[in-house]
Amino acid sequence: MQVIPTAIPDVVVLEPEVYGDDRGFFSESYNRNGFNAAIGREVEFVQDNHSRSARNVLRGLHYQIQQAQGKLVRVVTGDVLDVAVDLRRSSPTFGRWVSCRVSADNKRQMWVPEGFAHGFYVLSEFADFLYKTTNYYAPQHERSLLWNDPEVGVVWSEEPIAPVLSRKDREGKPLSVAEVYP
Ligand SMILES: Cc1cn([C@H]2C[C@H](O)[C@@H](COP(=O)(O)OP(=O)(O)O[C@H]3O[C@H](C)C(=O)[C@H](O)[C@H]3O)O2)c(=O)[nH]c1=O
């Protein structure tokens, strides 16, 4: 497995080994020992999620202010831009974001630790987005950071976008007033 650093040290991109042959391919999409070694800590996942979204859908930027979730994300159909925003006030990269194209073709995965807001934008006709979380869903603690907050300045696409958003995401809070982590 290749481990690709990002501009935010705790966020890494993983490229699992892919074994192709005349039948297709095989790849270990998750290996506990390999993953823990790659990120340098022991992590236990408690939930697997799967969402399907059409082109131009943007889901995010979400986080749980209590019971924070680490997320290991991948795409099995389609292509997305995956984004993580550092919401740890004590972090030297507080308010900074990183992104990675995650697709069925590149088989990349992004590790988004606890303390980050997370979201993705769909670049293909549709995308099947699968991810593991280190804590259970807790809607009472769920918060949305505004996807287009100019203070954060996430670049979702080369051209301006008018994404399909849930009401929760249309009403996301800018960083200046959002609840953040210590
Ligand atoms: C996240 C979640 C949702 N749900 C239910 C709640 C709603 O009835 C329905 C859709 O939920 P929501 O609109 O919050 O789904 P997303 O917009 O994909 O939310 C996710 O989007 C971004 C990408 C994230 O990183 C988070 O994991 C998560 O917030 O699924 C559950 O039952 N369990 C869950 O873990």
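The values are calculated or read from the model by the stated rules, or taken from the named source; none is laboratory data. Just so we're clear, the structure is a prediction, and the values are computed from it rather than from any experiment. With ideal geometry, Cβ positions are generated from the backbone for all residues, glycine too; neighbour counts draw on all protein chains shown. With ligands, DNA and RNA removed, areas are computed over all heavy atoms of the protein, side chains included. Shrake-Rupley method; radii C 1.70, N 1.55, O 1.52, S 1.80 Å.
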Name every residue in the stretch 69-126 that is under 11 Å from the mean Cα position of the chain (by Cα), open to solvent by less than 20 Å² (accessible area, probe 1.4 Å) and among the polar types (S, T, N, Q), in order of residue number.
-> Q109
Could you run through the stretch 162-182 and say how many residues are within 16 Å of the ligand (Cβ to nearest atom), in contact (Cβ under 8 Å) with a residue 60 or more places away in the chain, part of a loop (DSSP other than H, G, I, E, B) and open to solvent by 40 Å² or more (accessible area, probe 1.4 Å)?
-> 2
Yes/no for R96 being touching a strand residue (DSSP E or B) at 6+ places or on another chain (Cβ under 6 Å), more than 12 Å from the ligand (Cβ to nearest atom) and not polar (S, T, N, Q) | yes
May I ask you to verify whether R41 is open to solvent by 80 Å² or more (accessible area, probe 1.4 Å) and farther than 23 Å from V83 by Cα?
-> no
Elements of type strands (runs of 3 or more DSSP E) contained in the stretch 34-100, each with 2 or more residues being in contact with a Phe, Trp or Tyr (Cβ under 9 Å, 6 or more places away or on another chain) and of a type in the set (A, V, I, L, M, F, W, C) | 58-64, 71-77, 79-86
Exclusive hit being touching a residue at least 60 places away in the same chain (Cβ under 8 Å), in a loop (DSSP other than H, G, I, E, B) and within 13 Å of the ligand (Cβ to nearest atom), set N106, N135 | N135
